1. Give or take rounding to whole Å, what are the principal axis extents of the alpha carbon atoms in the chain, in descending order?
2. Would you mind calculating the relative contact order of the stretch 35-196 from Cα pairs under 8 angstrom and at least 6 residues apart, reporting the percent as a whole number?
3. Taking the 0 to 90 degree range and rounding to the nearest ten, how far is the long axis of helix 58-74 tilted relative to the main principal axis of the chain, both from C-alpha atoms?
4. Once the stretch 1-75 is represented by equal point scatterers at the alpha-carbon sites, with solvent omitted, what log10 I(q)/I(0) does the Debye formula produce at q = 0.16, 0.26 Å⁻¹?
5. Which one, 28, 43, 122, has the greatest fluctuation when you compute a Gaussian network model over the chain with C-alpha springs under 10 angstrom?
6. For the stretch 24-124, which trypsin sites (Lys or Arg not before Pro) are in a loop by DSSP, counting at most 15 other Cβ atoms within 10 Å?
7. Quick check: the distance between the Cα centres of the stretch 140-167 and the stretch 60-139, to the nearest angstrom?
8. Once both axes come from the Cα atoms, what is the angle between helix 141-164 and the longest principal axis of the chain, in degrees from 0 to 90, rounded to 10?
Amino acid sequence: MRPSPALAVAGVCLLVTLVLPATFPPDGGPTGFDHSVTDWVQGTFHPIDRAFLQPSQTFVLLPVMLAGAAWLAWARRPRSAATVIAAPLVALLLTEFVLKPAFGRHLTSPYVAHRFLDYPSGNTVALASVVTAFVLVARTAWARAVILAVGCVCMLGVAAGLVWYSYHWPTDIVGGICWSVAVAIVVNNLCTVPSIRRSECRRS
């Protein structure tokens, strides 16, 4: 069976996630791209309200995940409900316990009292994985477009806030988005493989 276009996208996103750290300086500091974007954000906005960061917080995303999963379960779409819950959880767990320790990039922010592992951005992974999961389980182009539009607006606000407050470099955010998309696609594929196989058997 040929790999789906979605899995090809996941492969490219995974590759970007793993290769991007090769562009970091030896000490894990900012790249030229990081400097350029950060200077623009911090020079353009004076300042950015912390409310811009709220869409990436647990108290916002968890109710959205649970409500979406409950609706999908009620609509008799348990595999889609599983994707909405599992994709963000898998992406975040792997981020915190595998990727961040493996890459070991640190950033010191004047807004926090300690250094923390930075790549990929956990806030970004949280939001992007939820948005991607909902896009993947949406059944109509209209629903996917609306979810993607809202998600992109929220992500732009979160990204600007993370950069302005020096919580993350822009490359942390790019890596987080790519990682989230890759994980969500793979998880969705795993959750839907049995139903896909059954439908193929019926057609044959």
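Readers should treat all values here as calculations from the given coordinates under stated rules, not as data from a laboratory. Given the structure is predicted, the values throughout are model-derived calculations rather than measurements. Don't worry about glycine lacking a Cβ; one is built from the backbone with ideal geometry, like all the others, and counts go over all protein chains shown.
1. 59, 33, 27
2. Details: 215 pairs, mean separation 53.2, N = 162.
This gives 33 percent for the stretch 35-196.
3. Orientation of helix 58-74: about 10 degrees from the principal axis.
4. -1.03, -1.03
5. Answer for the Gaussian network model of the chain: 43.
6. Working: sites: 50, 76, 79, 105, 115; in loops: 76, 105, 115.
Filter output for the stretch 24-124: 76, 115.
7. Value for the Cα centre distance between the two parts: 14 Å.
8. That works out to roughly 20 degrees.
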